[in-house]
Amino acid sequence: SVVTVLLPNSVCKDRRSGLILTIPLCTEQTSMEELSSTLDYLLGIPSDKCKARGFTVIVDGRKSQWNIVKTVVLMLQNVIPAEVSLVCVVKPDEFWDKKVTHFCFWKEKDRLGFEVILVSANKLTRYIEPCQLTDEFGGSLVYDHMDWVNKRLVFEKFTKESTSLLDELVVINESEKSNQLDKERPPDCNFLPSFDPETVLQTGHELLSELQQRRFNGSEGGGGAWSPMDDELLAQPQVMKLLDSLREQYTKYQEVCRQRSKRSQLEEIQTKVMQVVNWLEGPGTEQLRTQWGIGDSIRASQALQQKHEEIESQHSEWFAVYVELNQQIAALLSAGDEEDLVELKGLQQQLSDVCYRQASQLESRQNVLQSAHEFHSTAQDLSQQLDGLLGMLCADVAPADGAAIQQTLKHLEEKLKSVEGALAGLREKGQVLMDQMSNQTSWSYGKDVPIENKENIDHIQGVMEDMQLRKQRCEDMVDVRRLKMLQMVQLFKCEEDASQAVEWLGELLDALLKTHIRLGDDSLETKVLLEKHKKFVDVAQSTYDYGRQLLQATVVLCQSLRCTTRSSGDTLPRLNRVWKQFTVTSEERVHRLEMACSFHTAAEKVDQGNLSAEVEQETYEEVEMVGKALLDRLTVPVIFPDGSEQYFGSPGDMASSAEHIRDKMKLVEDRKLTLHEEDEEEEDIEFCILSFPCCFLFIIPPSGF
């Protein structure tokens, strides 16, 4: 607008306490129609009490023409003649002097109804206090006209919207009240307010806060004092009254909305509950009723599980609806009216009963299918174990040795034990499955109906009986195989022990030839060696007899096992050959010890003396003869029956024994010569004594020598 009008506040008064109205004019053409409308608008803002004190109008004509100023002043007579007390026309310096002479406003006071004065801007303070004037007139009043216009627009917008909203809320609340009295009347749920109550209330609170801040906190921009204008003082009670009325009606409207929402939510819940119940008791129950088999294999049970998962997936969608509905019902129960509690609890109970019952049947069916899968899996594993065990039992047994047989027998026992454990597990799982099926029921037409499972139970029992028969046949075959394998173990053991006996006998022969070479230093030691040799021979005899017995047992076991391909082999010939060699060697050893004993006995007789000359001569001859024979025997090897030869000990050992015999023969020979010389001396002494008896003088030396 070309004309900007300022309506100061109630404190901004002239010297007569009237309100001040400022009309700034510009150089452009001023629309009197717009100015008149603006004045009418502004005059409608103050209260009648304020209007009664009159107005002081400041017409700022410093930037306008005289004819425009005059037109404005005359227009004030038509618009607000009764309210105007004084019109101050602010003139430019020395510009209108001639114009004023043609029109004196003071002479027209009676006709105009108010006083008009021309005054310079710097002299305006003669009529109005400086604190009541803005800075453009030399005053100190701080005023922002655009801020006032913006706040005024907000106020008028709030007033218009709140008034319209109040009318609409009253109509809605009264309509809802009528609907509650007449419950058969359908509610009009489509009637909604034109404005958002929350937004209007927020605008009102912000406006009221701004008005109160202007009143209590002073100017926002600093500077001179700022006091609320009359229109703002009048706006505060009006805004507060509108806010109170709006809050009251909005609270009622919120309750109306809550009741509407509750009714709508309750109806929606009822509809959804019946949808869930009808589906679960209808198609859902029918799906479970047609699924009662357990299959006859792992693949069949897996197919049934997959089908059941599809059924569970369909049920899960409805169970999700149930969870959502249950939460909604719980929320309504916690905040609902007493009249709705019974209905809500009934819906909740009905929905929970149906859903829990259906979930229980789904879980029961799932448990049955899981147990059936485990049963078929165990049955398949057991069947494979029985097939493997039967394959082992039907295969030919050709072990390399007793250790291999023991390992095979251990593996066979482990297989049988594993089969027994698997069969026990199959019985346990089968019993669990039959118990679950016996307790399985179906909900039909409001009551539990037992499911016929005779075919499934017969199948389970048939599988367990078949596995039991197969296991029994395998056990019988295992017993036979175990006996045969134990006999084979004995056969290998006898053969092994017989070979060991041959080795032992060979070791005894080797020890006899290499270590049994001593002939003794005297007759007593030689006799001891003879006794030891007899015991040594007894050990060898026992070893030979043990080997013969083992070989005889081997023959018997081969006949029992019908093992024609196995026999004693070369063990018996080797045993007989070694035994013959041992026998020949032992006899040779005995002959040598006996000759040594005779040699030492004769030599000892010579050493003892006290023999008659004849006996002594025979003894000497015997020592010499036996000694030479023994020396000759030591040089002769042992000749075995197969023609092979073997010497006792090493050549050095034999040379040592021969040397010992020769030394002893030499001692005997020396003894013989010594005795012969002594005999000759004695004969000479006797002859001298007999020939010269007085010629001998015995001299006895003193005792100290």
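Just list whichever of K527/K666; K157/K177; K51/K241; K417/K471 have alpha carbons separated by over 18 Å in the model shown. Intermediate values should be presented prior to the final figure.
Numbers: K527/K666 23 Å; K157/K177 30 Å; K51/K241 23 Å; K417/K471 11 Å.
As for pairs spanning more than 18 Å Cα to Cα, those are K527/K666; K157/K177; K51/K241.
Suppose the chain between L153 and K454 were pulled fully straight at 0.36 nm per residue; how much longer would it get relative to their current alpha carbon spacing?
Numbers: separation 301, 0.36 × 301 = 108.36 nm, distance 8.80 nm.
Roughly 99.6 nm would be gained on extension.
Using θ = phi - 60° and the Karplus form 6.51 cos²θ - 1.76 cosθ + 1.60, what ³J(HN,Hα) does each residue of region 620-631 get, whole Hz, x for Gly and Pro?
Per residue, the Karplus-derived 3J(HN,Hα) values read 4, 5, 5, 4, 5, 5, 5, x, 5, 5, 5, 5 Hz.
Using θ = phi - 60° and the Karplus relation 6.51 cos²θ - 1.76 cosθ + 1.60, list the HN-Hα couplings for region 163-168 in order, rounded to whole Hz, with x at every Gly or Pro.
Those phi angles translate into 5, 5, 5, 4, 4, 5 Hz.
Please compute the modelled spin-label separation between Q77 and S175, points set 7 Å along Cα→Cβ, answer in nm with one decimal.
5.6
Quote the FRET efficiency, to the nearest 0.05, computed for E669 versus S542 with a Förster distance R0 of 41 Å and r equal to the Cβ-Cβ distance.
Numbers: r = 45 Å, r/R0 = 1.10.
Given R0 = 41 Å and the Cβ-Cβ separation, E is 0.35.
If R₀ is 56 angstrom, what is the calculated FRET efficiency for the pair Q406 and I639, using the beta carbon separation as r and rounding to 0.05? Walk me through the intermediate numbers first.
Details: r = 45 Å, r/R0 = 0.81.
Once rounded, the FRET efficiency stands at 0.80.
Between L483 and Q552, what FRET efficiency comes out of the Förster formula 1/(1 + (r/R0)^6) with R0 = 22 Å and r the beta carbon distance, rounded to 0.05? Spell out each step's value before the answer.
Values: r = 21 Å, r/R0 = 0.95.
Here the calculated transfer efficiency is 0.55.
Sorted by packing (mean other beta-carbon atoms within 10 Å per residue), highest first, where do 322-329, 18-25 land? It would help to have the intermediate numbers written out before the result.
Numbers: 322-329: 16.6, 18-25: 22.5.
Highest-to-lowest ranking by the protection proxy: 18-25, 322-329.
Please give the length that would be gained between K527 and T251 if that part of the chain were fully extended, namely 0.36 nm times their separation in residues minus their C-alpha to C-alpha distance (nm, one decimal).
85.5 nm
If packing is taken as the average count of other Cβ atoms within 10 Å, what order do 639-646, 266-273 fall into, highest mean first?
Details: 639-646: 11.4, 266-273: 15.5.
Output ranking for 639-646, 266-273: 266-273, 639-646.
HN-Hα J couplings of region 123-128 from phi, Karplus 6.51/-1.76/1.60, θ = phi - 60°, integer Hz, Gly and Pro as x?
Result, ordered by residue: 9, 5, 5, 5, 10, 9 Hz.
Could you work out how much longer the chain between K160 and F195 gets when fully extended? Use 0.36 nm per residue separation minus the Cα distance between them, nm to one decimal. Before the final figure, lay out each step's value.
Details: separation 35, 0.36 × 35 = 12.60 nm, distance 1.08 nm.
That works out to 11.5 nm of additional length.
How far apart, in nm, are two points set 7 Å out from the Cα along the Cα-to-Cβ line at K535 and at Q559?
With each label point 7 Å from Cα toward Cβ, the separation is 4.0 nm.
For region 353-436, what does the alpha-carbon gyration tensor say about shape, rounded, prolate or oblate, given a ≥ b ≥ c as the root eigenvalues, a/c under 1.5 as rounded, and a/b over b/c as prolate? Provide the component values of the computation, followed by the final result.
Details: a/c = 5.78, a/b = 4.44, b/c = 1.30.
Taking the square roots of the gyration eigenvalues as a ≥ b ≥ c, region 353-436 is prolate.
Rounded, prolate or oblate for region 266-340? Axes are the square roots of the Cα gyration tensor eigenvalues, ordered a ≥ b ≥ c, and the cut-off for rounded is a/c under 1.5. Please report the intermediate quantities before stating the final value.
On the way: a/c = 4.61, a/b = 3.09, b/c = 1.49.
Taking the square roots of the gyration eigenvalues as a ≥ b ≥ c, region 266-340 is prolate.
Quick check on region 490-579: take the gyration tensor over C-alpha atoms, sort the square-rooted eigenvalues as a ≥ b ≥ c, and tell me if it's rounded (a/c under 1.5), prolate or oblate. Kindly include the intermediate steps, with their values, before the conclusion.
Values: a/c = 4.68, a/b = 3.27, b/c = 1.43.
Prolate shape, in that a/c is at least 1.5 and a/b is the bigger ratio.
Please compute the modelled spin-label separation between D144 and K345, points set 7 Å along Cα→Cβ, answer in nm with one decimal.
Result for the modelled spin labels: 6.2 nm.
Read the figures in this text as sums done on the coordinates, not as results from a lab. These numbers come from a predicted model, not from an experiment. In this analysis, Cβ positions are derived from the backbone assuming ideal geometry, glycine residues included, and neighbour counts consider all displayed protein chains.
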